[in-house]
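A quick write-up on the structure given underneath.
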Amino acid sequence: MDLLQIIKLVSIPGWVKYLSLAIISACIALAVYAIFGGAHLAEGSVLQAGMGLLGILLPLAIAIIFLSFYEAGVSPLKKATEKILMELIPGTLSHIQAADGKEGRAQVAPMYIPEHRCRYLIKLPDDKLMRLEVELNVKKVSIIFYFCPDMPLGLPDIRKNMGHTLDGAEKEKYEINAVLFHKAWDGVDYHCLALYKMLPSDFLWNSAEKLYFAQDLQVMLNSALREAGDLLALGEK
């Protein structure tokens, strides 16, 4: 873990921040007074000492101010997670295409379940609905597909209908749950399939990794709809 990652995870108590700001402010004020405080001070060794002190304190002051107003610890991790789930993913998934190729933007309604889960009700351009859930645990993600509840399904059926999609997911290092399970959504019991993947350790801070994940998820869903649209995209309920 590099120094920047350590700084991001360090939590500095508020009183330490304020005390550091007070001390550094007093020292800078003293140095400025030594330089500009009058003819009796602005001469000889006093002037040199003041300028030297100011030269040392300015970079230190910038660092202390940065750390004082920089959010670190668990809180920014939670905020970064929520931003990915509530902003990046819905914005990217709005470009999902309907299985019939009908053009238009999908309408994505995110339902955040604190602190690391989000459900997405996706209304496709053909007015069918797709349900998806994402669980993001700092450096591990789970993608949960919701399938039609009105027909008996097993993993062999999903493999048969979504073979290319699941093969592509495995190439992207997703692990596919060995069995289907059931989850309720608005009182309806759906067949569900979970895909798991470990993410880079700096995922929450790496913009390129976050964008790649969201775009790759969009590609996965487009593929799934082309292969198994009738199982994933349902009429209004």
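All of the numbers you see were taken from the coordinates with simple rules; none came from a lab. Remember, predicted model here, so these are calculated numbers, not experimental data. Here Cβ is always computed from backbone atoms with ideal geometry, including for glycine, and neighbour counts include all displayed protein chains.
Stretching the chain fully between Glu172 and Ser75 yields a gain of 32.0 nm (0.36 nm per residue, less the alpha carbon separation).
Name the trypsin sites (Lys or Arg not before Pro) in segment 114-198 that are in a loop by DSSP and that have at most 12 other C-beta atoms within 10 Å, would you?
Sites meeting the loop and neighbour criteria: Lys173.
Pairs over the 30 Å Cα-Cα cut-off, from the set Lys78/Lys197; Lys102/Lys140; Lys128/Lys160; Lys139/Lys171; Lys102/Lys210: Lys102/Lys140. Relative contact order, whole percent, for segment 134-208 stands at 43, derived from Cα pairs under 8 Å and 6 or more residues apart. Amide H contacts of Ala99: none lie under 5 Å away among residues 5 or more positions distant or on a separate chain (H built 1.01 Å from N in the peptide plane; Pro and chain starts excluded). Using the Cα coordinates of segment 83-180, the gyration tensor eigenvalues translate into equivalent-ellipsoid semi-axes of 21, 20, 13 Å, sorted from longest to shortest. Under the simplified labelling scheme, the Lys197-His95 pair shows an inter-label distance of 1.6 nm, with each label point 7 Å from Cα along Cα→Cβ.
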